[in-house]
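Beneath this line is the structure, given in structure tokens, with notes to follow.
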Amino acid sequence: MLHLYTDKELLELIAEGDEKAFRVFFDRYKDRFYAVVLKMTGSGYTAEEMVQDIFLQIWRNRATLKEIIKPESYFFTSLYRQVFKHYKQVALTEKALAALSGEAGSQHITDETILARESERLINEAITRLPQQQQLIFKMNKLEGLNRNEIAEKLQLSPNTVRNHLAEAIKSVKAHLSNTSAFYMLLVVLFTRK
């Protein structure tokens, strides 16, 4: 019967220590939380750890749950913050490893470097999902710096065909990046650094 309760109602019961309500809430969100973190980190292990941590925090802080107005937004924001902390820790670990190995002076691994690498990985992932012709035209334009007419001449296509392929490719890449929570988190990390 508890599965019919709204999130807000479940949180009120959890705040009172109701373990069955907590189990229903856990079952309702565990897979969604896992999917989000997995997409953002690319690590099943990290996703499992973070999901466990978020539910542990929910239970430990259950007395404050009644104050939450929009539970879904609140918990997904908490999840994003956890991933933010994870990326920050990864950056610190890489800096420490670089310093220990004597590379700190020559390589300068920074948060920005890590973010740039992750952004590049996500963009490349988006490009590889494009149809072959769009991939080629996108790379020629964005990576090699060729304009549409130059591409049309090299590929023996009409400039309009190149324009259409390029527009579709850009649209697909933007859609992939906007759907990639990790890219969103990278932007958050980049713009919230102290």
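The values are calculated or read from the model by the stated rules, or taken from the named source; none is laboratory data. Computed from a prediction, not measured in an experiment: that's the story for all the values here. Cβ sites come from the backbone with ideal geometry, for glycine too, and all protein chains shown count toward neighbours. Remember, those area values only see protein heavy atoms, side chains included, never the ligands or the DNA or RNA. Shrake-Rupley method; radii C 1.70, N 1.55, O 1.52, S 1.80 Å.
For the reader, a short list of remarks on this structure follows.
- Of the set (1) out of contact with any Ser or Thr (no Cβ under 9 Å at 6 or more places or on another chain); (2) modelled with pLDDT under 90, all apply to LEU157 but (2).
- Condition broken by MET50, with the remaining ones in (1) open to solvent by 80 Å² or more (accessible area, probe 1.4 Å); (2) assigned to a helix (DSSP H, G or I); (3) at pLDDT 80 or above; (4) hydrophobic (A, V, I, L, M, F, W, C) satisfied: (1)
- Any hit, the range 60-72, residues being among the β-branched types (Val, Ile, Thr), open to solvent by less than 30 Å² (accessible area, probe 1.4 Å), part of a loop (DSSP other than H, G, I, E, B) and on the phi < 0 side of the Ramachandran plot: yes
- Summed over the range 6-38, residues that are out of contact with any helix residue (DSSP H, G or I) (no Cβ under 7 Å at 6 or more places or on another chain), open to solvent by 60 Å² or more (accessible area, probe 1.4 Å) and part of a helix (DSSP H, G or I) total 7.
- Answer from ALA167, ALA104, ALA116 - the residue that is over 30 Å from PHE33 (Cα atoms) and either modelled with pLDDT under 80 or hydroxyl-bearing (Ser, Thr, Tyr) (or both): ALA104
- Residue that is in contact with a Ser or Thr (Cβ under 7 Å, 6 or more places away or on another chain) and hydrophobic (A, V, I, L, M, F, W, C), where the choices are ALA47, ALA21, ALA15: ALA47
- If the condition is being under 18 Å from PHE26 (Cα atoms) and open to solvent by less than 70 Å² (accessible area, probe 1.4 Å), then the range 73-90 contributes SER73, PHE75, PHE76, THR77, SER78, LEU79, TYR80, GLN82.
- Flag for LYS66 being within 21 Å of LEU11 (Cβ to Cβ), in contact with a helix residue (DSSP H, G or I) (Cβ under 6 Å, 6 or more places away or on another chain) and modelled with pLDDT of 85 or more: yes
- Where LYS174 falls short, out of the listed (1) modelled with pLDDT under 75; (2) open to solvent by 60 Å² or more (accessible area, probe 1.4 Å): (1)
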